[in-house]
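J.: One structure is given below, represented as structure tokens, and several questions about it will come after.
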Protein chains: 2
Amino acid sequence: MIILWIKLIAMNKVILLDKRPEGVPVLNDFKFIEEEMPVAGEGQVLLKTRFVSVDPYLRGRMKDVKSYVPPFELGKPMQSGVVSEVISSKNKHFKEGDFVVGYVDWKEYQTSSGKGLTKIDADAADLSAYLGIIGMTGLTAYLGLKNIGKPKAGETIVVSGAAGAVGNVVGQIGKILGCHVVGLAGTDEKISTLKSKFGYDEGINYKSTDNLEAAVKAACPDGVDIYFDNVGGAVSDAVLANIKYKSRIIVCGAISLYNDTEPALAPRVEWRLVVNSATMSGFIVGDYADQFPEGMKQLTEWYKEGRLNNSETIVEGFDQIPEAFIGLFQGKNEGKMVVKI
Amino acid sequence: MIILWIKLIAMNKVILLDKRPEGVPVLNDFKFIEEEMPVAGEGQVLLKTRFVSVDPYLRGRMKDVKSYVPPFELGKPMQSGVVSEVISSKNKHFKEGDFVVGYVDWKEYQTSSGKGLTKIDADAADLSAYLGIIGMTGLTAYLGLKNIGKPKAGETIVVSGAAGAVGNVVGQIGKILGCHVVGLAGTDEKISTLKSKFGYDEGINYKSTDNLEAAVKAACPDGVDIYFDNVGGAVSDAVLANIKYKSRIIVCGAISLYNDTEPALAPRVEWRLVVNSATMSGFIVGDYADQFPEGMKQLTEWYKEGRLNNSETIVEGFDQIPEAFIGLFQGKNEGKMVVKI
């Protein structure tokens, strides 16, 4: 009797980090477990996961090395940006039916003290947009461009990973600001989307182009003022060979390097930086938290005006989260990769 | 009779760029010629060269490649910063006996319209100091540190080429500003001078140290806030492995790379910059010409107060200019290398 009763209780699915990946992550690095359904305690809310953001930078947290955020712990749940619905609340700031965004565990249900959760307006935009174009992804593009790129109308911006989550927004903002925008991506489909959907002036398929340095030069006849780098690697070398005097390089991500087990070698950048009085800065959006409200306001405004196109690849099902994440490294996403639960 | 008469006329020595160096420059890349003695025309001054500055960055101008200044032309005189004496003047702004500093040809005598010449006070400081500690060298250290390094008291500054012309001044200014200053140099004599003469807290001989990365770590227990790089190459890789969150890297020179015929390879810097929110900027002192007056005022003040030690290696004789220049790449100088005529 007792055994039967237990089996009737709904269980809660959780995704743990089981192994630290070597090279590209594989499904076996993750572990699915079931735990008892959580219940909101005093001051807590019970959250139901609705949309999960999977992002290349999570690969960094899977390594056991010092970085700008502590590494994920083995045997503990993975985490990322998540849109949740408040199912029940014992916290006066939230009520049942509220939607919130926050950095929480990969669980179907979880409790929270409410700390770090932001209420979002489900009528103003699609829920998933709060993870993308008007969420952390949009902020990364907007604040990186604004604080380090400092674009002026007429300048040339080159974007690597241009069809990716952050890249497509960088291109769109660049066009809003009156810049010449050139994108690098890895398939002809993506190149076509860059122009048709995101307003890019030029697109270069880095996989099918023999002389990438010459292709960047042809697409940027006046040279490169701003390079927004989401990728790193050989693609960057070709762009850096075309930078202008006083150019600004935003190193936002290095997806091509995340899975390296040895530090990759590349032509030294020092001389290029000196002869061009150029600046190369690592950008972490979390450093600019004080600018989030202004950034979200601007992004939401552009989005509502129809000037920003929200590009998403939506995968369905809680069980698909690890696979969606792994897909990022295979270029499976166009725009923001989100898992709908 | 005519031939004899010509031979009695004093001739003017000139040093031309004869060949573009391959790798480290050699004497044979230069050519000595004699030309007729110049005479000041209307509006001109006749200058006698007194001190010639030889600097690593000149190596860049000897290459036929785009850089922040146009390359030297083959068969034309070499140029650099020079302190000259006005021998005769047909320009109302200068009179005989004035001393001036400017960027002019490697000639014993030459005429000038006066454009680009700055009068200097021979009583306020040694003439050679206007090429060094209170001249372009001092300004490079001061303005690079101020504009890109932005040092705060208590921060750690690492300097490569620390006993060199710019490096020794960076260290001294760092100490004036209350920083912990660590220098890298290539001989034990230089390391000893770093501490005894320039106030460095720690010195590391990069040639005799096996594990440079560990040595930098030991000398900078709190990590590196500012790296003032005059050298580039493997020395930089060891420093970059120790940078802190929000660190600033001033790429001022890359003497170790100037003579490379192929671009050298190095571990990619992108990831380090991202995880540390770090900034790496190429620095060219000429970009900050509007700050020269303020910089010279501050440097002269510190110099007169005895807080800045002027370190020079003085070579004598016009004919020795190319050899002094070549000596820079062999580490023959301590402090600023100057040729006295």
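J.: When you go through (1) more than 21 Å from B:Leu117 (Cα to Cα); (2) free of Cβ contacts under 8 Å to residues at least 40 places away in the same chain; (3) in a loop (DSSP other than H, G, I, E, B) one by one for B:Ile33, which number turns out not to apply?
T.: Unmet for B:Ile33, out of (1) more than 21 Å from B:Leu117 (Cα to Cα); (2) free of Cβ contacts under 8 Å to residues at least 40 places away in the same chain; (3) in a loop (DSSP other than H, G, I, E, B): (3).
J.: Based on this model, can you work out whether A:Tyr245 counts as assigned to a strand (DSSP E or B) and either surrounded by fewer than 22 Cβ atoms within 10 Å (Cβ to Cβ) or of a type in the set (Ser, Thr, Tyr) (or both)?
T.: Here the answer is yes, as A:Tyr245 does meet what is asked.
J.: Here is a follow-up. Hey, could you check the range A:70-94 for residues that are touching a helix residue (DSSP H, G or I) at 6+ places or on another chain (Cβ under 9 Å) and closer than 17 Å to A:Glu35 by Cβ and say which is surrounded by the fewest Cβ atoms within 10 Å (Cβ to Cβ)?
T.: A:Gln79
J.: Quick one: what pairs do we get from the range A:269-287, first residue more than 7 Å from chain B (Cβ to nearest Cβ), second of a type in the set (Ser, Thr, Tyr), C-beta under 6 Å, 6+ apart or different chains?
T.: Pairs that qualify, where the first residue is more than 7 Å from chain B (Cβ to nearest Cβ) and the partner is of a type in the set (Ser, Thr, Tyr), are A:Val285/A:Thr140.
J.: Give the range A:86-108 a look and list any residue that's part of a loop (DSSP other than H, G, I, E, B) and either among the basic types (Lys, Arg) or more than 17 Å from A:Gly43 (Cα to Cα) (or both), or say none.
T.: A:Lys90, A:Lys92, A:Lys95, A:Trp106, A:Glu108
J.: Report yes if B:Gly327 is part of a helix (DSSP H, G or I), over 27 Å from B:Lys244 (Cα atoms) and at pLDDT below 90, otherwise no.
T.: Taking the combined requirement at face value, the residue does not satisfy it.
J.: Follow-up. Could you please give the count of residues in the range A:196-240 that are surrounded by fewer than 18 Cβ atoms within 10 Å (Cβ to Cβ), aliphatic (A, V, I, L, M) and either farther than 21 Å from A:Trp271 by Cα or at pLDDT below 95 (or both)?
T.: Going through the range A:196-240 one residue at a time, the tally reaches 2.
J.: Right, next: Given (1) in contact (Cβ under 8 Å) with a residue 12 or more places away in the chain; (2) closer than 30 Å to B:Ser247 by Cα; (3) out of contact with any strand residue (DSSP E or B) (no Cβ under 6 Å at 6 or more places or on another chain); (4) assigned to a helix (DSSP H, G or I), where does A:Gly232 come up short, assuming only one miss?
T.: (4)
J.: Would you mind stating whether A:Ile255 is modelled with pLDDT of 95 or more and of a type in the set (Val, Ile, Thr)?
T.: So A:Ile255 does not fit the description; no.
J.: Across the range A:53-71, what is the total count of residues that are closer than 17 Å to A:Lys19 by Cβ and either modelled with pLDDT of 95 or more or in contact with a Cys (Cβ under 9 Å, 6 or more places away or on another chain) (or both)?
T.: Final tally of qualifying residues: 0.
J.: Give the residue, chosen from A:Gly43, A:Gly23, that is at pLDDT 95 or above, part of a loop (DSSP other than H, G, I, E, B) and farther than 25 Å from A:Met136 by Cβ.
T.: That would be A:Gly43, the only listed residue that is at pLDDT 95 or above, part of a loop (DSSP other than H, G, I, E, B) and farther than 25 Å from A:Met136 by Cβ.
J.: Taking B:Gly306 as meeting all but one of (1) surrounded by fewer than 19 Cβ atoms within 10 Å (Cβ to Cβ); (2) more than 9 Å from chain A (Cβ to nearest Cβ); (3) within 24 Å of B:Pro56 (Cα to Cα), write down the number of the exception.
T.: All conditions are met except number (3).
J.: Considering only residues that are closer than 12 Å to B:Asp225 by Cβ and not in a strand (DSSP E or B), which ones fall in the range B:178-187?
T.: B:Cys179
J.: Scan (1) more than 10 Å from chain A (Cβ to nearest Cβ); (2) under 30 Å from B:Pro71 (Cβ atoms); (3) touching a strand residue (DSSP E or B) at 6+ places or on another chain (Cβ under 8 Å) for the single condition B:Pro293 breaks and write down its number.
T.: Going through (1) more than 10 Å from chain A (Cβ to nearest Cβ); (2) under 30 Å from B:Pro71 (Cβ atoms); (3) touching a strand residue (DSSP E or B) at 6+ places or on another chain (Cβ under 8 Å) one by one, B:Pro293 breaks only (3).
J.: Looking at the range B:285-293, is at least one residue in contact with an Asp or Glu (Cβ under 7 Å, 6 or more places away or on another chain) and not hydrophobic (A, V, I, L, M, F, W, C)?
T.: no
J.: What number of residues within the range B:109-149 satisfy the criterion of being part of a loop (DSSP other than H, G, I, E, B) and either in contact with an Asp or Glu (Cβ under 7 Å, 6 or more places away or on another chain) or farther than 18 Å from B:Glu301 by Cβ (or both)?
T.: Initial filter on the range B:109-149 (part of a loop (DSSP other than H, G, I, E, B)): B:113-117, B:121-126, B:131-135.
Cutting the leftovers down to either in contact with an Asp or Glu (Cβ under 7 Å, 6 or more places away or on another chain) or farther than 18 Å from B:Glu301 by Cβ (or both) gives us B:113-117, B:122, B:131-132.
Residues in the range B:109-149 being part of a loop (DSSP other than H, G, I, E, B) and either in contact with an Asp or Glu (Cβ under 7 Å, 6 or more places away or on another chain) or farther than 18 Å from B:Glu301 by Cβ (or both): 8 in total.
Yes/no matrix, rows are residues, columns are (1) of a type in the set (Gly, Ala, Ser); (2) in a strand (DSSP E or B); (3) more than 23 Å from A:Ala141 (Cα to Cα):
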{"position": "A:Glu189", "(1), (2), (3)": "no, no, no"}
{"position": "A:Glu213", "(1), (2), (3)": "no, no, yes"}
{"position": "A:Ala218", "(1), (2), (3)": "yes, no, yes"}
{"position": "A:Trp271", "(1), (2), (3)": "no, no, yes"}
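The values are calculated or read from the model by the stated rules, or taken from the named source; none is laboratory data. Everything quoted here is computed from the prediction, not taken from an experiment. Neighbour counts are summed over all protein chains in view; Cβ atoms, including those assigned to glycine, are modelled from backbone coordinates with ideal geometry.
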